[in-house]
Amino acid sequence: MADHEEDLRTALRMSMQNSPPEPKRSKPRDGPAGAPTGSPEESSEVKTRRLQRELMATAAEKRMLDAKKASPSPSSVSGSAGSSGSGLAAKVVRKDKELSLEEVNLGKGLSEEDAKQLFSMVFGAEVTKGILAQWSNQGIRFSPDPETSMGLVQHEGGPCGVLAAIQAFVLKYLLFCPAELGKVVPNMDHNTGSRTLSNSPCVASNNFASLTEDAKARALIRSMGEILFLCGSNKRAVIATLSVIGDDIERSKDSLDDEVSALKLVDNALFSDRNNVITKSLEGLSIESAADLHKVLRVNTYTTRESAFKRLQAVIPVFQSRMGALLFLISALLSRGLDLVQADRDDPSLPLVTAPFGHASQEIVNLLLCGQAVPNVFDGKMDLGGGMSLKGVSRTVEVGFLTLLESLNFCKVGQYLKCPKWPIWVVGSESHYTVLFSLDTTVQDENELEGRESQIRKAFDAQDQSGGGGFISVEGFHQVLKETNVELPTEKVDLLCSTGFIVWSEFWQVILDLDKSIGGLKDSTGLMGKKVFDLYHFNGIAKSDLNGSQVSSGGETPVQRPRLTKLRVSVPPRWTPEEYMTDVAVSSGSGGNESGGKVTEIAKPEPSQHAPLVDCIRTRWPRAVCNWIGYPPSIV
């Protein structure tokens, strides 16, 4: 034991020397001819020896401290000396690292002007300490519960918009693009894993408990990187971290792994406590002003996906810390550019985090979903006249958005957000954001009724200047009829135009009663448009859960965890739900699926269950009937 401690102390003494000790040999040290004595250029051998001493000293220090805790020294003087020696060794190791700042690349701080603009843009001038606390205490972490292990957990109100957007992209990779997780990402101009609707159908697994920690971590890193490049117009990503996190944490993990591998000195003690170190570094840290941001924020800009993803991999524990959600929002804003963010908005004077509850605004959610901080959810721009317009979503998105507010007629979600490339949607309510998704990409495919409705609705919305109110002018109506090849009888046109404006619901009813030969959708079979499929809803806030196997019995306390609910969705034919509840006999000769003149009876659906989420689903699939087991899915 004495010999072992002596070896450790020798290692410490070696690490405290300013130059490599002279080897015990008479032969002079080899070196390049003509090299001056004390040259600042290190040979590979000298660098290897220095790194070896650092690793040995760190390992020795940790073992000595562990031994001291297990068997306290009887001499207080020797204990003090040991602490002094360890502290000096740590200072020397840190000094060596400070000499390699270019390798560590800690990032640069924001200017005072940029810090003021950023803080004012996010929180405004009258933000409360409560809202700041919400945004300073939410990390980006997966649920420890096996049944919801694919989901990010929310502990504080407020940052749910950021978490839900990241969650949607994480699901995209876990469910539909798992092969991408093991690849080195090239510098691409387009999002990875994109898909055209009606092509490459895919059905993912619902065995979420089988997901490995490595797969989830890779999906999270890919998702964060994709979002940041989306905000940076696929040209750059800015990654924000904190100066209070030491350079020993922010050192590139790949670089450090390479050094350790080369030395054949792998010591898990160097990496095992990163999260604990970060937690301690953040003790007492609060961001309550622009001055605080200026003091602690550090940013790096990356122009290739590979370099950005490596950086995210190295600092992912920082985003898992309590500052994670705020740092990611700041990264997204800086990737877009503060001036461009303000130009995206209709009213740049309002803070992005809304009062009085500190929720993420629609601008934040849109920035993360489509790369632009526009405040509206309709497609394109809405011209208000006089050179004024409102900004909406300008292009197709990877994952979409639905909102309860549309069912209440407060807004109209456009086709870009309603029909994304992947069957995943962030769901907004008055106070919270959650995620809805399907494992089957074909739920996005349109049947004949939906395709025709989308075509007509798109033409109608292009003429709608009411802010999504669902009515257009007579002039706009005639343009819609022309673009969609609908040949309405004169008496129908006169009836619809009698009030001076045309309402969508009345126009659509006329289309449904109009024969297909003249542009309508009259369906003698009554089967056109019927669909049955499954959806899943994830709410990251821990709630009492009685779903599935979690049913409580005997007065037991329900499990508190994020909630995942499976919904069976049936979209009936074009008639009303009341008509659908009756049995309808359809002859195969008029379009049924049976042969030989048999009669097919349409089965009655399950009794409909209702929750606010169903109203959101019906904005995407009108007249949808939903069923589930256990508690109703919650969007609050």
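The values are calculated or read from the model by the stated rules, or taken from the named source; none is laboratory data. Everything numeric in this text was worked out from a predicted model, so none of it was measured. We place every Cβ from the backbone using ideal geometry, glycine too, and count neighbours over all the protein chains shown.
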Residues located in the range 509-524, provided they are surrounded by fewer than 14 Cβ atoms within 10 Å (Cβ to Cβ) and without any contact (Cβ under 8 Å) to a residue 40 or more places away in the chain: Gln509, Asp513, Asp515, Lys516, Ser517, Ile518
Only residues that are surrounded by 24 or more Cβ atoms within 10 Å (Cβ to Cβ) and polar (S, T, N, Q): list them for the range 327-364, please. Ser331, Ser335
Expected output for the range 381-394 (first residue over 23 Å from Cys419 (Cα atoms), partner crowded, with 18+ Cβ neighbours inside 10 Å, Cβ below 9 Å, 6+ apart or cross-chain) is Ser389/Met382
Report yes if Ser261 is at pLDDT 75 or above and part of a helix (DSSP H, G or I), otherwise no. no
Which ones in the range 468-508 are among the polar types (S, T, N, Q) and surrounded by 13 or more Cβ atoms within 10 Å (Cβ to Cβ)? Ser473, Gln479, Thr484
Within the range 140-158, count every residue that is modelled with pLDDT under 95 and either acidic (Asp, Glu) or closer than 20 Å to Ser286 by Cβ (or both). 6
Taking the condition at pLDDT 90 or above and at positive phi, does Gly500 pass? yes
Could you list, in sequence order, all residues of the range 424-459 that are more than 30 Å from Thr354 (Cα to Cα) and either outside any helix (DSSP H, G or I) or of a type in the set (Lys, Arg) (or both)? Ser438, Leu439, Asp440, Asp445, Glu446, Asn447, Arg452, Arg457, Lys458
Can you go through Ser349, Ser331, Ser361 and tell me which one is of a type in the set (S, T, N, Q) and farther than 22 Å from Glu156 by Cβ? Ser349
Assess whether Val532 counts as being of a type outside the set (S, T, N, Q) and either without any contact (Cβ under 8 Å) to a residue 60 or more places away in the chain or part of a loop (DSSP other than H, G, I, E, B) (or both). yes
What number of residues within the range 619-636 are closer than 11 Å to Ser570 by Cα and either in contact with a strand residue (DSSP E or B) (Cβ under 7 Å, 6 or more places away or on another chain) or not in a loop (DSSP other than H, G, I, E, B) (or both)? 6
For the range 337-360, state whether one or more residues are among the hydroxyl-bearing types (Ser, Thr, Tyr) and either farther than 15 Å from Gly161 by Cα or without any contact (Cβ under 8 Å) to a residue 60 or more places away in the chain (or both). yes
Residue within the range 451-466 that is surrounded by fewer than 16 Cβ atoms within 10 Å (Cβ to Cβ), among the aliphatic types (A, V, I, L, M) and either out of contact with any Ser or Thr (no Cβ under 6 Å at 6 or more places or on another chain) or over 30 Å from Glu506 (Cα atoms) (or both) present: yes
